[in-house]
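K.L.:
The structure is given below, and queries will be raised subsequently.
The values are calculated or read from the model by the stated rules, or taken from the named source; none is laboratory data. From a predicted model like this one, the values you see are computed outputs, not experimental measurements. Cβ coordinates were reconstructed from backbone atoms using ideal geometry, including for glycine residues, and neighbour counts include every protein chain displayed. Heads up: the accessible areas ignore ligands, DNA and RNA and are worked out on the full protein's heavy atoms, side chains in. Shrake-Rupley method; radii C 1.70, N 1.55, O 1.52, S 1.80 Å.
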Amino acid sequence: QVQLVESGGGLVQAGGSLRLSCAASGRTFSSYAMGWFRQAPGKEREFVAAISWSGGSTYYTDSVKGRFTVSRDNAKKSVYLQMNSLKPEDTAVYYCAAARRPTATIELEYDYWGQGTQVTVSS
């Protein structure tokens, strides 16, 4: 069982930056691929970024490439999402998720989810 707790959301102006963190419980964090998803009001939840269990591979949706960076620290059982050059369309609830496999980029591949953290980007 893995419990995930996100933090770092908030209100920021367009062009600004935020760093989301996700702290995991459990002893086998390094055995999980980790991902970030987001859900904007009235929209489906969508994939944002993912990182393999070793941290050696990262994946991004096209709309955030070059602006967002996903990273992990297995010793701290944490995964991070550095978000730069934020746009109003990035406004959403951001979710951290864990998958019991080396890599995962599809929502159905994820086994555990955090409660989400709100990110609001004002224009």
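K.L.:
Just subtract the alpha-carbon distance of Lys65 and Ala40 from 0.36 nm times their residue separation and send over the number in nm, one decimal.
P.N.:
Once the chain is fully extended between Lys65 and Ala40, it gains 7.2 nm.
K.L.:
Count charges around Arg45 for me, please; just the other residues with Cβ under 13 Å from its Cβ, Lys/Arg as +1, Asp/Glu as -1.
P.N.:
Taking every Cβ under 13 Å from that of Arg45, the sum is -1.
K.L.:
Now for a different question. Let me have the relative contact order for region 6-82, percent, based on Cα pairs under 8 Å that are six or more residues apart.
P.N.:
Value for region 6-82: 30 percent.
K.L.:
Still on this structure, please answer the following. Just want to confirm a number: the relative contact order over region 22-123, from Cα pairs under 8 angstrom separated by 6+ residues, in percent.
P.N.:
32 percent
K.L.:
Please compute the net charge surrounding Ser78, taking Lys and Arg as +1 and Asp and Glu as -1 over other residues with Cβ under 12 Å from its Cβ.
P.N.:
+2
K.L.:
Please report the accessible area of Thr61 (heavy atoms, 1.4 Å probe, ligands and nucleic acids excluded) in Å², nearest 10.
P.N.:
The value for Thr61 is about 40 Å².
K.L.:
Per the 1.4 Å probe, what fraction of the accessible area of the chain, in percent, lies on carbon and sulfur atoms?
P.N.:
The nonpolar share, carbon plus sulfur, comes to 46 percent.
K.L.:
Net charge within 12 Å of Val64 by Cβ-Cβ distance, Lys/Arg positive one each and Asp/Glu negative one each, not counting Val64 itself?
P.N.:
Summing Lys and Arg as +1 and Asp and Glu as -1 gives 0.
K.L.:
Shifting gears a bit: In whole Å, largest first, what are the principal axis extents of the Cα atoms in the chain?
P.N.:
41, 25, 23
K.L.:
If you count only protein heavy atoms with a 1.4 Å probe, what accessible area per residue comes out for the chain, rounded to a whole Å²?
P.N.:
Heavy-atom accessible area per residue stands at 51 Å².
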